[in-house]
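The values are calculated or read from the model by the stated rules, or taken from the named source; none is laboratory data. Keep in mind that what you see is a predicted model, and the values were worked out from it rather than measured. So basically every Cβ, Gly included, is an ideal-geometry build from the backbone, and we count neighbours across all protein chains shown.
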Amino acid sequence: MKIGNLNLKNNLVLAPMVGINDPAFRILCKKYGAGLVCTEMINANAIFKKNKATIKKLESFKEERPISIQLFGANIEMMKYAAKIAEKTADIIDINFGCPDSKVINQGSGAALLKRPKRIFEIIDGIVKNVKIPVTAKIRLNKDAIKISKLIEKAGASAIIVHARTPKQGYSGKADWNSIKEIKENVNIPVIGNGDICSGKDAYDILQLTKCDFIMIGRAAMTNPAIFKEIEYYLKKKEEKKISDREKIELFFEYTKIADKVGYPKFEFVKRHALNFSSGMRNVVSLRRKISTLKNIEDLKKEMDSFIKP
Ligand SMILES: Cc1cc2nc3c(=O)[nH]c(=O)nc-3n(C[C@H](O)[C@H](O)[C@H](O)COP(=O)(O)O)c2cc1C
């Protein structure tokens, strides 16, 4: 499996997710089967302005490589500058042309650029010429999605990621996998299909239907980083093998062990992982209520531990 000149161990990609994809989480997803992990979207303008907290987000660790660093922005020169800096710690530079968040749209970035195909071309073309690693683009759907995909290819991108919803949809409705199929039929670079892949069967179905080359998983990985192993298993055996609730809580402890080495994000983020990993479990209401009130990692570990100890 290749994106540009980069070899990947499989076709399973962790989606970029703000407030979720800290280094320890990415390493956990890699350990549980992701062939490629992504950072959250990172503001190119802030990199250009040498904002310290933003530069810190570019940090990557050998345990998680290969990694894709996702940038957002609309200014070509700033994007080129940011990509050059990001290249030092990345294996792929991904550009966000899909974020519908008003803060991003109001800057003319993310999904706002879907209305400016020429600018999309210029941003990718500028970055491709300025870095040595593969460049990819992540889009959502609009009426020009095929034209935009062709422009992305023409600009020299090594792959295109399609979250099969319009910006207006947010997360409502079902992802339109048929549009991924159409895009795949119209470009020659690898297509990474994304949207509503929640199980091994979903992974199998989207690969069969669209013939896309890779699949990207977001929310299902957010609540269960072992989803990648589950998908690998299904693709081999055509049967689901899901991890137990207990194993999911154990994944949280694995996360903390990795974070002990590579560093913790803000406590709020760690709490969010605990809430995400425990979501959908049986008899979990009081645990989740308690988690929301906790103020430090030791108490959080204690609560999670007591949930699985008889
Ligand atoms: C909490 C959260 C944060 C996200 N942050 C980003 C982001 O930084 N960049 C991006 O391109 N998409 C972002 N997305 C969208 C996901 O990458 C993905 O396209 C979307 O969730 C659909 O995939 P899924 O159905 O597998 O979740 C985010 C989604 C979620 C749920």
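If I filter the range 15-30 down to residues being within 9 Å of the ligand (Cβ to nearest atom) and among the aliphatic types (A, V, I, L, M), which single residue comes out as surrounded by the most Cβ atoms within 10 Å (Cβ to Cβ)? Don't jump to the end; show me each part of the working.
Filtering the range 15-30 down to residues within 9 Å of the ligand (Cβ to nearest atom) leaves 15-21.
If we keep only those that are among the aliphatic types (A, V, I, L, M) as well, we get 15, 17-18, 20.
On the way: A15: 27, M17: 18, V18: 13, I20: 20.
It comes out as A15.
Is it the case that some residue within the range 107-128 is β-branched (V, I, T) and in contact (Cβ under 8 Å) with a residue 60 or more places away in the chain? Within the range 107-128, not a single residue is β-branched (V, I, T) and in contact (Cβ under 8 Å) with a residue 60 or more places away in the chain. Considering only residues in the range 72-96 that are within 12 Å of the ligand (Cβ to nearest atom) and touching a Gly at 6+ places or on another chain (Cβ under 7 Å), the one that is nearest to A145 (Cα to Cα) turns out to be N96. Only a single criterion out of (1) surrounded by fewer than 21 Cβ atoms within 10 Å (Cβ to Cβ); (2) within 16 Å of the ligand (Cβ to nearest atom); (3) aliphatic (A, V, I, L, M) is not satisfied by V131, namely (2). Restricting attention to the range 6-29, the residues that are under 16 Å from A90 (Cβ atoms) and either over 12 Å from the mean Cα position of the chain (by Cα) or among the polar types (S, T, N, Q) (or both) total 6. Restricting attention to the range 200-229, the residues that are within 14 Å of the ligand (Cβ to nearest atom), over 23 Å from T39 (Cβ atoms) and among the charged types (D, E, K, R) add up to 2. Of all the numbered requirements in (1) of a type in the set (S, T, Y); (2) farther than 24 Å from K115 by Cβ; (3) touching a strand residue (DSSP E or B) at 6+ places or on another chain (Cβ under 8 Å), Y204 misses one, and that requirement is (3).
Here I197 fulfils each of the conditions (1) within 12 Å of the ligand (Cβ to nearest atom); (2) touching a Phe, Trp or Tyr at 6+ places or on another chain (Cβ under 9 Å) apart from (2).
Pairing each residue of the range 211-228 that is farther than 22 Å from K271 by Cα with any residue that is among the small types (G, A, S) and within 9 Å of the ligand (Cβ to nearest atom), provided the two are 6+ apart or on different chains, yields C-beta distances under 9 Å for M216/A15; M216/G195; F228/A221.
Tally time: how many residues in the range 46-78 are among the charged types (D, E, K, R), crowded, with 17+ Cβ neighbours inside 10 Å and touching a Lys or Arg at 6+ places or on another chain (Cβ under 9 Å)? The qualifying residues number 1.
Could you name every one of the strands (runs of 3 or more DSSP E) located completely within the range 140-237 that has at least 1 residues being in contact with a helix residue (DSSP H, G or I) (Cβ under 9 Å, 6 or more places away or on another chain), among the charged types (D, E, K, R) and assigned by TED's automatic domain parsing to the domain that holds K103? Those strands (runs of 3 or more DSSP E) do not exist here; none qualify.
Listed by first and then second residue, the pairs linking a residue in the range 14-40 that is touching a residue at least 12 places away in the same chain (Cβ under 8 Å) to a residue that is in a loop (DSSP other than H, G, I, E, B) and β-branched (V, I, T), with Cβ atoms under 6 Å apart and 6 or more places separating them unless they lie on different chains, are E40/V18.
Scanning the range 35-58 turns up at least one residue that is away from the ligand (no atom under 16 Å from the Cβ) and under 21 Å from K132 (Cα atoms). A single member of I189, I217 is within 16 Å of the chain's Cα centre (by Cα) and within 23 Å of I133 (Cβ to Cβ), and it is I217.
Checked against the criterion of being closer than 19 Å to G218 by Cβ and within 11 Å of the ligand (Cβ to nearest atom), the range 149-160 contains not a single residue that satisfies it. Those helices (runs of 4 or more DSSP H) of the range 9-63 in which at least 2 residues are basic (K, R), considering only elements entirely within it, cover 23-31, 52-56.
Quick one: in the range 50-94, of everything that is of a type in the set (S, T, N, Q) and touching a residue at least 60 places away in the same chain (Cβ under 8 Å), which residue is nearest to N7 (Cα to Cα)? Checking each candidate, the answer is S68.
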